[in-house]
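A.B. asks: Okay, handing you the structure first.
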Amino acid sequence: MAAREEVAVLGSIFSGEFQLLAESESEGITFQIHTNCEHHTKKIQLKVRFHLPPDYPLCLPDISICSDHLTRKQTCDLKQSLLRYAETLRAQPMVYELMMWLQQNIKDGVDQVTADKADESDNSQQQCGADDSVWMALLHLDHMRAKAKYIKSIQKWTSDLRLAGQLMFMGKLILILLQGQRKDIKDYLVLQKTSKVDVDSSGKRCKEKMISVLCEEKLQAGQHRLTSFAVKEFTSGGELHQEFEALGLSGLYDKFVRF
């Protein structure tokens, strides 16, 4: 009921820019808002789609952002920043506040991405020192019911965020090793925790509630720097241990994985 009232108010505020897409008791409410944001002397048109699940606002809305004026990386970064802000508004109506945040912060978000790209270009020939800013995280997932779809989501997120690493399966054990910029790893964790990536015991789409961050630290000397993301299956703890050894991560295995 509260979500319906919020959506009704949003429809009045944004008028012709608001479009109700779907509404049901079991799935929640989906709508889209078209907005123009000022960036220097240009107007950036955004299409922001919200899905409010039945337990909103106790849980965050699902959000997607589309724009012909921004790159895929820019819209991805903008979305992750918006989700981080949404975390501060949990348990209260938040869509209007999120739209206002976009209006006020899109300039910083777009400029930051542009600056990041310039830095990447300037440093493309300076690979020796790059490892100083490489971070690593080891995550543990309790289970995967919709395995194929879940894997596809992980592969998309790591590709969008330019993260390398491995998704490791060994029996019932599921580990995710990530390497990249610390901000990108943080953004990945937001996606992992706020997206409907799996299904529950009744087959309904659900968010990941049983993920554990085993460690998050800078990549050290002697630890292998991965350049891509791979999915690997291991048949024994010995095989998995050998993989960690090959990556220079025996200490991580002994501390967090050893059977």
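A.B. asks: Can you tell me the alpha carbon radius of gyration of the chain divided by the globular rule-of-thumb value 2.2 N^0.38 Å?
C.D. replies: With N residues counted in the chain, Rg over 2.2 N^0.38 Å equals 1.12.
A.B. asks: Which ³J(HN,Hα) values, rounded to whole Hz and listed in residue order, are derived for the range 8-20 from phi using the Karplus coefficients 6.51, -1.76 and 1.60 in 6.51 cos²θ - 1.76 cosθ + 1.60 with θ = phi - 60°, glycine and proline given as x?
C.D. replies: Once rounded to whole Hz, the list reads 4, 5, 4, x, 6, 5, 8, 6, x, 8, 9, 9, 7.
A.B. asks: Pop out the ³J(HN,Hα) list for the range 214-225 in order, Karplus 6.51 cos²θ - 1.76 cosθ + 1.60 with θ = phi - 60°, rounded to Hz; leave Gly and Pro as x.
C.D. replies: Per-residue couplings from phi come out as 6, 7, 8, 7, 6, 5, 9, 4, x, 8, 5, 8 Hz.
A.B. asks: Turning to a different aspect of this structure: Which value, in Å², gives the accessible area per residue of the chain when a 1.4 Å probe is used on the protein heavy atoms?
C.D. replies: 53 Å²
A.B. asks: Only bridges with both residues in the chain count here: give the DSSP antiparallel percent, nearest 5.
C.D. replies: Once the DSSP bridges in the chain are tallied, antiparallel ones form about 90 percent.
A.B. asks: On a 0 to 90° scale, report how tilted helix 72-87 is relative to the longest principal axis of the chain, with both axes built from alpha carbons and the result rounded to the nearest 10.
C.D. replies: 80 degrees
A.B. asks: A further question on this structure: With θ set to phi - 60°, apply the Karplus curve 6.51 cos²θ - 1.76 cosθ + 1.60 along the range 188-194 and write out the HN-Hα couplings as whole Hz, x wherever there is a Gly or Pro.
C.D. replies: 4, 4, 4, 4, 4, 8, 10
A.B. asks: What are the residues whose amide H is under 5 Å from the amide H of His69, where those residues sit 5 or more places off or on another chain and H is modelled from the backbone?
C.D. replies: Gln45
A.B. asks: Could I ask something else about it? Rounded to the nearest 10 degrees, what's the angle between the helix 147-160 long axis and the longest principal axis of the chain, both from Cα atoms, 0 to 90?
C.D. replies: Compared with the principal axis, the helix lies near 80 degrees.
A.B. asks: Go from 0 up to the bin containing the longest alpha carbon distance in the range 132-259, width 10 Å each, and give me the % of pairs per bin.
C.D. replies: 12, 47, 34, 7, 0
A.B. asks: Once both axes come from the Cα atoms, what is the angle between helix 237-246 and the longest principal axis of the chain, in degrees from 0 to 90, rounded to 10?
C.D. replies: For helix 237-246, the angle is close to 90 degrees.
A.B. asks: Mind listing the long-range amide H neighbours of Asp198? Cut-off is under 5 Å, sequence gap 5 or more, other chains count too, H placed in the peptide plane at 1.01 Å from N.
C.D. replies: HN-HN under 5 Å from Asp198: Cys206.
A.B. asks: Taking 0.36 nm per residue of separation and subtracting the Cα-Cα distance, what length does fully extending Ser24 through Ile151 add?
C.D. replies: Extending this stretch completely gives an extra 42.9 nm.
A.B. asks: Another one. Using the eigenvalues of the Cα gyration tensor, what equivalent ellipsoid semi-axes result for the range 18-107 when each is taken as the square root of five times the eigenvalue, whole Å, largest first?
C.D. replies: 23, 14, 11
A.B. asks: Run the accessible area of the chain with a 1.4 Å probe and give the carbon-and-sulfur part as a rounded percent.
C.D. replies: Roughly 50 percent, rounded to a whole number.
A.B. asks: Using helices alone, what [θ] at 222 nm do you get for the chain, with -39,500 (n - 2.57) per DSSP H run of 4 or more residues, divided over all residues and rounded to the nearest 500?
C.D. replies: -12000 deg cm²/dmol
A.B. asks: So for the pair Gln181, Arg90, with labels modelled 7 Å out along Cα→Cβ, what separation do we get in nm?
C.D. replies: Between Gln181 and Arg90, the simple spin-label model gives 2.6 nm.
The values are calculated or read from the model by the stated rules, or taken from the named source; none is laboratory data. Source: prediction; values computed, not measured. Please note: Cβ atoms are built from the backbone with ideal geometry, for glycine as well, and neighbour counts cover all protein chains shown. Side chains included, ligands, DNA and RNA excluded: accessible areas come from the protein's heavy atoms. Shrake-Rupley method; radii C 1.70, N 1.55, O 1.52, S 1.80 Å.
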